[in-house]
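First the structure, in the form of C-alpha coordinates, and then the observations on it.
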Amino acid sequence: MATKPVPPRPAPRLYLATPPVDEPAQLAAELPGLLAAADVAAVLVRLRETDQRTMLSRAKALGPAIQNAGAAVLIDGHAELVARAGADGAHLTGIAAMEDAMPSLKPDRIAGVGGLATRHDSMAAGEAGADYVLFGEPEASGQRPSTEAVAERLGWWDELFEPPCVGFATSRAEAEEFAAAGADFVLVGDFIWADPRGAKAALIETSEAIARAYASTAGKAGAEG
(Lines give C-alpha, C1' and ligand atoms only; values in the text may rest on other atoms or scores of the structure.)
Protein backbone atom coordinates (compact mmCIF):
# COMPACT_ATOMS: atom_id res chain seq x y z
CA MET A 1 0.00 0.00 0.00
CA ALA A 2 1.50 3.30 -1.08
CA THR A 3 2.34 5.91 1.51
CA LYS A 4 0.70 9.31 1.28
CA PRO A 5 2.64 12.05 -0.51
CA VAL A 6 3.58 15.28 1.21
CA PRO A 7 0.67 17.70 1.95
CA PRO A 8 -1.07 20.03 1.23
CA ARG A 9 -4.12 17.84 1.10
CA PRO A 10 -7.27 18.83 -0.78
CA ALA A 11 -10.17 20.35 1.13
CA PRO A 12 -12.40 17.71 2.76
CA ARG A 13 -15.76 17.09 1.08
CA LEU A 14 -19.15 15.96 2.30
CA TYR A 15 -20.47 12.42 1.91
CA LEU A 16 -24.25 12.45 2.53
CA ALA A 17 -26.10 9.38 3.78
CA THR A 18 -29.80 9.22 2.98
CA PRO A 19 -32.43 8.23 5.51
CA PRO A 20 -33.48 4.57 5.11
CA VAL A 21 -35.34 4.67 1.79
CA ASP A 22 -38.89 3.33 1.62
CA GLU A 23 -40.54 5.57 -0.94
CA PRO A 24 -37.90 7.40 -3.01
CA ALA A 25 -40.04 9.99 -4.84
CA GLN A 26 -39.87 12.79 -2.25
CA LEU A 27 -36.16 12.26 -1.62
CA ALA A 28 -35.42 12.22 -5.36
CA ALA A 29 -37.20 15.57 -5.65
CA GLU A 30 -35.30 17.04 -2.68
CA LEU A 31 -31.79 15.86 -3.53
CA PRO A 32 -30.96 18.17 -6.48
CA GLY A 33 -31.50 21.27 -4.35
CA LEU A 34 -29.49 19.83 -1.49
CA LEU A 35 -26.59 18.82 -3.68
CA ALA A 36 -26.53 22.23 -5.34
CA ALA A 37 -26.32 23.94 -1.95
CA ALA A 38 -23.10 22.34 -0.68
CA ASP A 39 -20.01 20.51 -1.90
CA VAL A 40 -21.22 16.91 -1.70
CA ALA A 41 -18.89 14.39 -3.32
CA ALA A 42 -21.08 11.32 -2.91
CA VAL A 43 -24.39 10.08 -1.55
CA LEU A 44 -24.72 6.85 0.40
CA VAL A 45 -28.09 5.32 -0.45
CA ARG A 46 -29.40 3.40 2.54
CA LEU A 47 -32.13 1.05 1.35
CA ARG A 48 -34.75 -0.30 3.71
CA GLU A 49 -34.39 -4.09 3.74
CA THR A 50 -36.98 -5.78 1.56
CA ASP A 51 -36.96 -7.92 -1.58
CA GLN A 52 -34.22 -7.37 -4.16
CA ARG A 53 -36.52 -6.14 -6.92
CA THR A 54 -37.98 -3.42 -4.72
CA MET A 55 -34.58 -2.30 -3.45
CA LEU A 56 -33.26 -2.17 -7.00
CA SER A 57 -36.22 -0.05 -8.10
CA ARG A 58 -35.66 2.38 -5.23
CA ALA A 59 -31.95 2.71 -5.98
CA LYS A 60 -32.68 3.36 -9.66
CA ALA A 61 -35.20 6.07 -8.72
CA LEU A 62 -32.56 8.01 -6.76
CA GLY A 63 -29.54 7.56 -8.99
CA PRO A 64 -30.19 10.22 -11.67
CA ALA A 65 -30.99 12.96 -9.14
CA ILE A 66 -27.60 12.36 -7.51
CA GLN A 67 -25.42 11.72 -10.54
CA ASN A 68 -26.86 14.63 -12.53
CA ALA A 69 -25.75 16.87 -9.66
CA GLY A 70 -22.17 15.62 -10.05
CA ALA A 71 -22.10 13.34 -7.02
CA ALA A 72 -21.34 9.63 -6.91
CA VAL A 73 -23.98 7.08 -5.87
CA LEU A 74 -22.91 4.41 -3.40
CA ILE A 75 -25.25 1.75 -2.06
CA ASP A 76 -24.95 0.78 1.58
CA GLY A 77 -24.22 -2.95 1.41
CA HIS A 78 -25.91 -4.89 -1.38
CA ALA A 79 -22.99 -4.81 -3.79
CA GLU A 80 -25.01 -7.16 -5.99
CA LEU A 81 -27.35 -4.26 -6.83
CA VAL A 82 -24.68 -1.74 -7.81
CA ALA A 83 -24.21 -2.57 -11.48
CA ARG A 84 -27.91 -3.15 -12.16
CA ALA A 85 -28.81 0.12 -10.43
CA GLY A 86 -26.25 2.10 -12.38
CA ALA A 87 -24.59 3.12 -9.11
CA ASP A 88 -20.94 4.09 -8.74
CA GLY A 89 -20.06 1.72 -5.93
CA ALA A 90 -20.91 0.23 -2.57
CA HIS A 91 -20.07 0.76 1.07
CA LEU A 92 -19.33 -2.50 2.88
CA THR A 93 -19.01 -3.26 6.57
CA GLY A 94 -15.98 -5.36 7.43
CA ILE A 95 -13.11 -6.73 5.39
CA ALA A 96 -14.84 -10.04 4.65
CA ALA A 97 -17.83 -8.26 3.11
CA MET A 98 -15.53 -6.06 1.08
CA GLU A 99 -13.55 -9.02 -0.24
CA ASP A 100 -16.77 -10.83 -1.17
CA ALA A 101 -17.94 -7.76 -3.09
CA MET A 102 -14.69 -7.04 -4.91
CA PRO A 103 -15.33 -9.29 -7.94
CA SER A 104 -18.59 -7.49 -8.72
CA LEU A 105 -17.21 -3.99 -8.11
CA LYS A 106 -13.68 -3.92 -9.50
CA PRO A 107 -12.16 -2.42 -11.50
CA ASP A 108 -14.89 0.03 -12.50
CA ARG A 109 -16.70 0.80 -9.25
CA ILE A 110 -15.94 2.10 -5.78
CA ALA A 111 -15.51 -0.25 -2.83
CA GLY A 112 -15.54 1.61 0.48
CA VAL A 113 -15.31 -0.13 3.83
CA GLY A 114 -16.16 0.56 7.47
CA GLY A 115 -16.53 -1.64 10.53
CA LEU A 116 -12.77 -1.39 11.10
CA ALA A 117 -12.25 -1.83 14.82
CA THR A 118 -8.44 -1.78 14.89
CA ARG A 119 -5.56 -0.15 13.08
CA HIS A 120 -4.62 -3.58 11.75
CA ASP A 121 -8.10 -3.99 10.23
CA SER A 122 -7.79 -0.58 8.61
CA MET A 123 -4.42 -1.40 7.07
CA ALA A 124 -5.71 -4.78 5.90
CA ALA A 125 -8.63 -3.06 4.16
CA GLY A 126 -6.26 -0.69 2.41
CA GLU A 127 -4.03 -3.55 1.33
CA ALA A 128 -7.08 -5.41 0.00
CA GLY A 129 -7.93 -2.51 -2.31
CA ALA A 130 -10.48 -0.40 -0.41
CA ASP A 131 -11.11 2.91 -2.15
CA TYR A 132 -11.71 4.55 1.21
CA VAL A 133 -11.86 3.59 4.89
CA LEU A 134 -14.56 4.86 7.25
CA PHE A 135 -13.97 5.54 10.93
CA GLY A 136 -16.49 6.36 13.67
CA GLU A 137 -19.73 4.68 12.60
CA PRO A 138 -21.89 3.06 15.29
CA GLU A 139 -21.74 -0.68 15.89
CA ALA A 140 -24.94 -2.74 15.66
CA SER A 141 -25.42 -2.10 19.38
CA GLY A 142 -25.35 1.65 18.79
CA GLN A 143 -22.00 2.11 20.52
CA ARG A 144 -19.32 4.12 18.75
CA PRO A 145 -15.85 5.43 19.58
CA SER A 146 -15.44 8.80 21.24
CA THR A 147 -15.03 11.88 19.06
CA GLU A 148 -11.43 12.11 20.23
CA ALA A 149 -10.71 8.50 19.29
CA VAL A 150 -12.17 8.95 15.80
CA ALA A 151 -10.19 12.15 15.26
CA GLU A 152 -7.01 10.39 16.39
CA ARG A 153 -7.59 7.50 13.97
CA LEU A 154 -8.26 9.91 11.08
CA GLY A 155 -5.07 11.83 11.80
CA TRP A 156 -3.05 8.63 11.96
CA TRP A 157 -4.41 7.38 8.66
CA ASP A 158 -4.08 10.75 6.90
CA GLU A 159 -0.42 11.00 7.86
CA LEU A 160 0.60 7.55 6.67
CA PHE A 161 -1.62 6.15 3.94
CA GLU A 162 -2.78 6.99 0.43
CA PRO A 163 -6.44 5.79 0.26
CA PRO A 164 -8.89 8.45 1.47
CA CYS A 165 -10.29 8.31 4.99
CA VAL A 166 -13.84 9.22 5.94
CA GLY A 167 -15.05 10.40 9.35
CA PHE A 168 -18.59 9.49 10.42
CA ALA A 169 -19.98 12.64 12.07
CA THR A 170 -23.09 12.76 14.23
CA SER A 171 -23.09 16.58 14.57
CA ARG A 172 -21.79 19.71 12.93
CA ALA A 173 -19.16 20.02 15.64
CA GLU A 174 -17.90 16.51 14.94
CA ALA A 175 -17.80 17.22 11.21
CA GLU A 176 -15.63 20.25 11.89
CA GLU A 177 -13.32 18.32 14.21
CA PHE A 178 -12.91 15.42 11.80
CA ALA A 179 -12.12 17.78 8.92
CA ALA A 180 -9.43 19.39 11.05
CA ALA A 181 -8.06 16.00 12.08
CA GLY A 182 -7.36 14.87 8.52
CA ALA A 183 -10.54 13.37 7.05
CA ASP A 184 -10.69 13.49 3.26
CA PHE A 185 -14.48 13.15 3.43
CA VAL A 186 -17.00 13.61 6.24
CA LEU A 187 -20.03 11.31 6.25
CA VAL A 188 -23.15 13.05 7.55
CA GLY A 189 -26.69 11.75 7.72
CA ASP A 190 -29.22 11.55 10.51
CA PHE A 191 -28.47 14.91 12.11
CA ILE A 192 -28.83 16.60 8.73
CA TRP A 193 -32.27 15.13 8.04
CA ALA A 194 -33.48 15.71 11.62
CA ASP A 195 -32.59 19.42 11.72
CA PRO A 196 -35.77 21.44 12.40
CA ARG A 197 -34.60 24.14 9.99
CA GLY A 198 -34.52 21.61 7.17
CA ALA A 199 -31.80 19.49 5.63
CA LYS A 200 -30.52 22.23 3.32
CA ALA A 201 -29.75 24.64 6.15
CA ALA A 202 -28.01 21.91 8.13
CA LEU A 203 -25.97 20.80 5.13
CA ILE A 204 -24.86 24.34 4.28
CA GLU A 205 -23.88 25.01 7.89
CA THR A 206 -21.91 21.77 8.07
CA SER A 207 -20.18 22.47 4.77
CA GLU A 208 -19.14 25.90 6.06
CA ALA A 209 -17.83 24.35 9.28
CA ILE A 210 -15.71 21.89 7.29
CA ALA A 211 -14.33 24.72 5.16
CA ARG A 212 -13.39 26.69 8.30
CA ALA A 213 -11.64 23.69 9.79
CA TYR A 214 -9.68 23.10 6.63
CA ALA A 215 -8.70 26.75 6.31
CA SER A 216 -7.51 26.74 9.90
CA THR A 217 -5.38 23.62 9.53
CA ALA A 218 -4.02 24.78 6.16
CA GLY A 219 -3.02 28.05 7.76
CA LYS A 220 -1.24 26.25 10.59
CA ALA A 221 0.56 23.98 8.12
CA GLY A 222 1.70 27.02 6.15
CA ALA A 223 2.97 28.73 9.29
CA GLU A 224 4.85 25.61 10.36
CA GLY A 225 6.32 25.23 6.87
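Using Cβ point charges alone (K and R +1, D and E -1), the dipole size of the chain about the Cα centre works out to roughly 440 debye.
Surface exposure of the chain, expressed per residue as accessible area with a 1.4 Å probe, stands at 47 Å². According to the Kirkwood relation over distinct C-alpha pairs, the hydrodynamic radius of segment 129-183 is 11.2 Å. As a length-normalised measure over Cα pairs under 8 Å and 6 or more apart, the relative contact order of the chain settles at 20 percent. Cα convex hull, the chain: 121 Å³ per residue, rounded to a whole number. Protection proxy ranking of 194-203, 135-144, by the mean of other Cβ atoms within 10 Å over each peptide's residues and highest first, is 194-203, 135-144.
Once Rh for segment 48-134 is found with the Kirkwood sum over Cα pairs, what is the Stokes-Einstein diffusion coefficient at 20 °C and 1.002 mPa s, in µm²/s? The Stokes-Einstein estimate is 162 µm²/s.
What separates the Cα centres of segment 52-112 and segment 132-160 is a distance of 23 Å.
Per-residue SASA remark: Glu205, around 70 Å² accessible (1.4 Å probe; ligands, DNA and RNA not included). Rounded to a whole number, what % of the accessible area of the chain do carbon and sulfur atoms account for, probe 1.4 Å? Here it works out to 54 percent. With the cut-off at 1.5 for a/c, could you classify segment 71-205 from its C-alpha gyration tensor as rounded, prolate or oblate? It is oblate, given that a/c is not under 1.5 and a/b is not larger than b/c.
The values are calculated or read from the model by the stated rules, or taken from the named source; none is laboratory data. Since the model is a prediction, treat every value here as computed from it, not as a measurement. All Cβ positions, glycine included, derive from the backbone under ideal geometry; neighbour counts span all protein chains shown. Areas reflect the complete protein model, heavy atoms only, side chains present, ligands, DNA and RNA absent. Shrake-Rupley method; radii C 1.70, N 1.55, O 1.52, S 1.80 Å.
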